[in-house]
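Below is one structure, written out as structure tokens; comments come after it.
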Amino acid sequence: MLQVLVIGAGTMGRAHAAAYASMPGAQLIGIADIRMEQAQQLAEKCGTRAYPSFEDAVSDLGTERINVIDVCLPTPLHKNYVVMAADIGKHVICEKPLARSEEDARFMIDYCQEKGVRLFVGHVLRFFPEYVKAKSILDQGGIGKPAVIRAGRGGGYPIGWNHWYSDFGASGGITLDAMIHDFDYLRWCFGEVERVYAKGLHGRHQAQLDYALVTLRFRSGVIAHVEGTWAHEGFSMNLEMAGTKGIIDYDSAKDSPILFKTRSNAATIPGVAVPESPLARSPYYRELEHFMSCIRDGSEPLVSAEDAYEALRIALAALASMDSGEPVLIDNTTPVITST
Amino acid sequence: MKIGVISFAHMHAFSYTKALLEIEGVELTGIADPVEERGRKYAEHFGTVYYQDYRELLKQGLNGVIVTSENVHHKEHVLAAAKAGVHVLCEKPLSTNIQDAQAMIDACKANGVLLQTAFPVRYNTTVVRAKQMIDEGKLGRILAMKGTNRGRNPGGWFVDPELSGGGAVIDHTVHVADIMRWITGTEVKDVYAEVDHLISENPIDDSGILTMEFDNGVFATLDCSWSRNKEFPTWGDVTLEIIGSEGTLSIDATSQKLHVYTDESGYRHHAWGDGMDASLVRDFVSSISSGAAEASVTGEDGLRALAIALAAYQSSEGHRTVAMAEL
Ligand SMILES: NC(=O)c1ccc[n+]([C@@H]2O[C@H](COP(=O)([O-])OP(=O)(O)OC[C@H]3O[C@@H](n4cnc5c(N)ncnc54)[C@H](O)[C@@H]3O)[C@@H](O)[C@H]2O)c1
């Protein structure tokens, strides 16, 4: 039984806690959040204990009882808490993006290695069955040689604790926070990226909107276009792979297995539509269960910390390109370690 | 009104000619085509006179002519029409290089004839409605745009750069680039592009993603790839996603369609929206009859859109952003 302590009871903390609560072989032993009320609500729902801080949780539970620390905090806090977890010798699961800067990400990976703890990063897109299926069709040659790829995701502007998402220095905007999912997935499918060109709304428009369009050129020749939006209503994501012999097309907004709509009330309150794509095991469950099994048997994960580091470099290159107005080369001189 | 057609090399000649016949008061004077078999076939189909030599057709006292020859021949045909004092509707891309396009514009101006670039998407009812919504201010300030104009590899002379001047980028950039200019009312400042030959057997650019920045700070991308395969349910698409300060607008110009599944041809889209070619041709004819000083979509518009495609090639070759002022 692996005992997991979750830090952060926000959007991601809730998703992770719910997964552990129903996962055989894992036990959610505590949830820490500086907003104690938030922690308590979630702990109650998941049948575990709430703590007002990481430190309180560790001192109350004792380091012996904790096997894994799962960091679901705002991005700029990842580093400190990963380091603290490593310091007490615990394996770490950290939400993506691994860090806000390349230096921090490198430091975290090296630090965990030195301390002999494992570091897993929540690039959950690799566990979405539709994306897994698309890759398997691609890998079986189903579309021939891949050529032009389009991916996109987004919806409304995210509201996190203390409005940290709207602090560009903290979240890195849509490009670093959300498009990094696609960057990682596309790199998984098509290998290393050579060049990145990007445009984004950050710095052009003051209101709470972000929108970015990124072109990736892979060493294999594949051209990919990635759209990220915090300027639309309602979350959706899409993927299209066009190759020499076929096309794979997916759009969560078009293929919605469940769509619940409330009826509008006396023409004053408009109805709302809530789409759902139910799965027996959520992508978060699949991801965390996979990390648990890697910890148990020491095997390599489907997505390594080095993969997370590379995805971060692509996102940072996109931000650099937005600033310079020129393409940014992904430096190929550093050794590339892939997980597959 | 007497109208002729020069060359059926471009398949749009068929729908344009068909549209001509439906306009009251228009006489289809003749079809000129250096390829005799093709020219005779269509002249017979449309019940008109065949000319091997376009110069003969231009001597028939035409009011207007539609030029639907291979891209590299546009210049020769437009210059001859201008000299003969005949108004011209020229298929896109206007030309294969800026100098020729400018020469065509200048010749038409000097001879007092209209030069209209055939951009049918401007007449797409959906696009027209979108433009109206934008003009009404529904979107607020336009901030960014994402366009696609993808299709199947058309083959034939389109994949012979000697005749076409290039592949997907020159063929498919111009439509949506023109729409972007039209709805924003601004010009492209610089272009970056990744262009390559990745899909077809023919060694020609068939894959392209352009990024454009406009004078007013709006940015946009455009996928002009010939990336639709033969089992794709339709020829391609024209889409435009617009991000405004007050809302977003998603345009899918070909989504007025039926989904048809037959054992014979599999899954196909069948369009039921308004045709755009007929409106385009009707507009050209009405510009002539009203004695308009300028066509509603000018040669200049054609040149601007072409320049964006040419900048894309230049950018992709040099892996750098190309300013339109450099061209
Ligand atoms: N994988 C995904 O699909 C996905 C989706 C959304 C967010 N994320 C990532 O997950 C991370 C968390 O995002 P979120 O949306 O859950 O944020 P959030 O703002 O909803 O939640 C963060 C929580 O951390 C708490 N917190 C802040 N400082 C703390 C501290 N020092 N100690 C303990 N608790 C503290 C806050 O009270 C808040 O409840 C981010 O890195 C984000 O990029 C990933």
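Per-residue answers, yes or no, for (1) within 21 Å of B:THR248 (Cα to Cα); (2) within 11 Å of chain B (Cβ to nearest Cβ); (3) assigned to a strand (DSSP E or B); (4) not aromatic (Phe, Trp, Tyr):
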residue: A:GLU227; (1), (2), (3), (4): yes, yes, yes, yes
residue: A:HIS232; (1), (2), (3), (4): yes, yes, no, yes
residue: A:MET237; (1), (2), (3), (4): yes, no, yes, yes
residue: A:ALA242; (1), (2), (3), (4): no, yes, yes, yes
residue: A:ALA253; (1), (2), (3), (4): yes, yes, no, yes
residue: A:PHE260; (1), (2), (3), (4): no, no, yes, no
residue: A:PRO278; (1), (2), (3), (4): no, no, no, yes
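For the stretch A:155-176, the set of residues classified as surrounded by 23 or more Cβ atoms within 10 Å (Cβ to Cβ) and not hydroxyl-bearing (Ser, Thr, Tyr) consists of A:GLY172, A:GLY173, A:ILE174, A:LEU176, listed by residue number.
Within the stretch A:18-39, if we keep just the residues that are within 9 Å of the ligand (Cβ to nearest atom) and either closer than 19 Å to A:GLU64 by Cβ or touching a Leu at 6+ places or on another chain (Cβ under 9 Å) (or both), the residue that is nearest to the other protein chains (Cβ to nearest Cβ) turns out to be A:ASP33. Annotation note: Cβ proximity below 7 Å between a residue of the stretch A:323-334 that is surrounded by 12 or more Cβ atoms within 10 Å (Cβ to Cβ) and a residue that is among the hydrophobic types (A, V, I, L, M, F, W, C) and modelled with pLDDT of 95 or more (sequence gap 6+ or interchain) occurs for A:PRO327/A:VAL196; A:VAL328/A:VAL196; A:VAL328/A:ALA317; A:VAL328/A:ALA320; A:ILE330/A:VAL193; A:ILE330/A:VAL196; A:ILE330/A:ILE314; A:ILE330/A:ALA317.
Can you tell me which residue is nearest to the ligand (Cβ to nearest atom) among those in the stretch A:48-67 that are out of contact with any Lys or Arg (no Cβ under 9 Å at 6 or more places or on another chain) and over 22 Å from A:PHE291 (Cα atoms)? So, considering only residues that are out of contact with any Lys or Arg (no Cβ under 9 Å at 6 or more places or on another chain) and over 22 Å from A:PHE291 (Cα atoms), the one nearest to the ligand (Cβ to nearest atom) is A:SER53. Return yes or no: is B:THR221 within 8 Å of another protein chain (Cβ to nearest Cβ) and buried (at least 17 other Cβ atoms within 10 Å of the Cβ)? Answer is yes for this residue. One residue stands out in the stretch A:213-223 among those that are assigned to a strand (DSSP E or B) and facing another protein chain (nearest Cβ under 8 Å): the one that is farthest from A:GLY141 (Cα to Cα), namely A:LEU213. Scanning the stretch B:225-239 for residues that are crowded, with 17+ Cβ neighbours inside 10 Å and at the interface with chain A (Cβ under 10 Å from one of its Cβ atoms) yields B:SER225, B:TRP226, B:SER227, B:ARG228, B:ASN229, B:PHE232.
A single entry from A:LEU288, A:LEU239 fulfils the requirement of being at pLDDT 95 or above, closer than 24 Å to A:ILE109 by Cα and not assigned by TED's automatic domain parsing to the domain that holds A:ILE69: A:LEU288.
Per-residue answers, yes or no, for (1) in contact with a helix residue (DSSP H, G or I) (Cβ under 8 Å, 6 or more places away or on another chain); (2) at pLDDT 95 or above; (3) of a type in the set (A, V, I, L, M, F, W, C):
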residue: B:GLU241; (1), (2), (3): no, yes, no
residue: B:TYR261; (1), (2), (3): no, yes, no
residue: B:SER290; (1), (2), (3): no, yes, no
residue: B:ASP301; (1), (2), (3): yes, yes, no
residue: B:ALA305; (1), (2), (3): yes, yes, yes
residue: B:TYR313; (1), (2), (3): yes, yes, no
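Within the stretch B:106-123, if we keep just the residues that are in contact with a strand residue (DSSP E or B) (Cβ under 9 Å, 6 or more places away or on another chain) and buried (at least 22 other Cβ atoms within 10 Å of the Cβ), the residue that is farthest from B:ASP301 (Cα to Cα) turns out to be B:VAL113.
Out of everything in the stretch A:72-93 that is part of a loop (DSSP other than H, G, I, E, B) and within 19 Å of A:GLN27 (Cβ to Cβ), what residue ends up being nearest to the ligand (Cβ to nearest atom)? Checked the stretch A:72-93; the qualifying residue nearest to the ligand (Cβ to nearest atom) is A:CYS72.
Restricted to the stretch A:94-212, the set of strands (runs of 3 or more DSSP E) holding at least 2 residues that are more than 16 Å from the ligand (Cβ to nearest atom) and within 14 Å of chain B (Cβ to nearest Cβ) comprises A:146-154, A:193-200.
Suppose we filter A:GLY8, A:GLY13 for residues that are among the small types (Gly, Ala, Ser), touching a residue at least 60 places away in the same chain (Cβ under 8 Å) and surrounded by 23 or more Cβ atoms within 10 Å (Cβ to Cβ); which single one remains?
Details: A:GLY13 fails: touching a residue at least 60 places away in the same chain (Cβ under 8 Å).
Exactly one residue qualifies, and that residue is A:GLY8.
Name every residue in the stretch B:91-102 that is more than 28 Å from B:PHE14 (Cβ to Cβ) and either more than 19 Å from the chain's Cα centre (by Cα) or among the polar types (S, T, N, Q) (or both), in order of residue number. If the condition is that a residue be more than 28 Å from B:PHE14 (Cβ to Cβ) and either more than 19 Å from the chain's Cα centre (by Cα) or among the polar types (S, T, N, Q) (or both), then B:GLN99, B:GLN102 are the ones that fit.
The values are calculated or read from the model by the stated rules, or taken from the named source; none is laboratory data. These numbers were taken from a predicted model, which means no experiment stands behind them. Neighbour counts run over all protein chains shown; Cβ positions are idealised from the backbone, glycine included.
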